[in-house]
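Worksheet for the structure shown next.
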Amino acid sequence: MALVNAKDMLTKAKAGHYAVGQFNINNLEWTKSILLTAQEMNSPVILGVSEGAGKYMCGFKTVADMVKAMIDELKITVPVALHLDHGSYDGAKACIEAGFSSIMFDGSHYPIDENIAKTKELIDICEEKGLSLEAEVGSIGGEEDGVIGAGECADPDECKMIADLGVTMLAAGIGNIHGKYPENWAGLSFETLAAIQEKTGTMPLVLHGGTGIPADMIKKAIDLGVSKINVNTECQLAFQEATRKYIEADKDLEGKGFDPRKLLAPGCEAIKETVREKIELFGSKDKA
Ligand SMILES: [Zn+2]
């Protein structure tokens, strides 16, 4: 199946009260593990690529071509969207050019008027090319690829303004942050989420920073209109832990344990397990 945009899968998710996971990719192993698991679970999936990860993988064109070829060679039939995560204005244009099927334009650091103007321009381009577009209102805290957000709750009226421009999905800060949550984290603001949902109606809402949010909060957020949840750090931690165990158990010193295909295998299995758990939790299993 060719890449699809995220509109259809998220409209269905919102109507069906479940969420589709966005799992960020960093390399071939990550991509393969996530695609195979989505296929195994019969779930739609969104592959997220930050600008930093795009650079690391030799550019957006390399990423788009790798993902398309992998979908073909692995015979992936579930819907897959390739999505730029926290894109700059220039990054968004580069990904559109490279063949991504979905774009996030993170204009949250611009004054609202400038965010609106730039978002509008990108909506027109995406519409013409059949891509989906995610916009962000209210910066999401923590650090993602060098972009540091203060962590705040979005203004529901600003959310409505951006939603009305015709974006496909909307990321709004509701007390969520990227990376690991600190001990003293106050939790998600369901009051803010409910107010945003009321103003934006059927617009699929996006929850960033999905790592470490307790399952009951995730479920409640989905009930309140979240239909896309971003997972990044959790796969990284799962990969790291499994790789550490392999090395600490001296497995790399046994036989051909140094072979990268063996060395990276436990980490890949750990990513698969994480993705499986998230697909179950988000409710997108068998929704392909
Ligand atoms: Zn994010």
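Every number here is computed from the coordinates shown, using simple stated rules; none is lab data. Just so you know, these numbers come straight off a predicted model, no measurement behind them. Cβ placement follows ideal geometry from the backbone for every residue including glycine, while neighbour counts extend to all protein chains displayed.
What the table below lists for this structure:
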item	result
Proximal lysines relative to Lys251, as straight alpha-carbon distance under 19 Å, when same-chain residues fewer than 8 apart are discounted	Lys262
Over the range 137-271: Rg over Rh, Cα atoms, Kirkwood Rh	1.14
Per-residue Cβ neighbour rank within 10 angstrom, fewest leading, Ile162, Ile76, Ile46	Ile76, Ile162, Ile46
Cut-off of 10 Å, at most 11 other beta carbons, DSSP loop: longest stretch of the chain lacking such trypsin sites (Lys or Arg not before Pro)	76-255
Extension gain, Asp164 back to Lys55 (0.36 nm per residue minus Cα-Cα distance, nm)	36.0 nm
Positive minus negative residues near Ala15 (Lys, Arg vs Asp, Glu; Cβ under 12 Å)	+2
Positive minus negative residues near Phe258 (Lys, Arg vs Asp, Glu; Cβ under 12 Å)	0
The range 176-233: GluC sites (Glu not before Pro) falling in loop per DSSP and having at most 10 other Cβ within 10 Å	Glu183
Set of aspartates and glutamates with alpha-carbon distance to Lys61 below 16 Å, sequence-local pairs under 8 removed	Glu51, Asp85, Asp90, Glu97
Label point 7 Å beyond Cα of Glu277 along Cβ direction - residues of the range 236-266 with amide nitrogen under 14 Å	236-242
Sum of side-chain charges, Ser43 neighbourhood, beta-carbon under 15 Å (Lys, Arg +1; Asp, Glu -1)	+1
Computed Kirkwood radius, in angstrom, where 1/r is averaged over Cα pairs of the range 1-145	15.5 Å
Label-zone membership for the range 25-44, site Lys262, 7 angstrom Cα→C-beta point, backbone N under 12 Å	none
The range 151-218-the range 41-88 distance, computed between alpha-carbon centres (Å)	24 Å
Sites Thr202 and Lys75 - FRET efficiency at Förster radius 45 Å, r taken between beta-carbons, to 0.05	0.85
Angstrom value of the Kirkwood radius, inverse mean 1/r, which spans all Cα pairs in the chain	18.9 Å
Candidate lysines for bridging to Lys14, where Cα separation is under 19 Å - those fewer than 8 sequence places away on the same chain excluded	Lys160, Lys199, Lys219, Lys220, Lys228, Lys278, Lys285, Lys287
Centroid-to-centroid separation of the range 94-125 and the range 220-248 [C-alpha atoms, Å]	26 Å
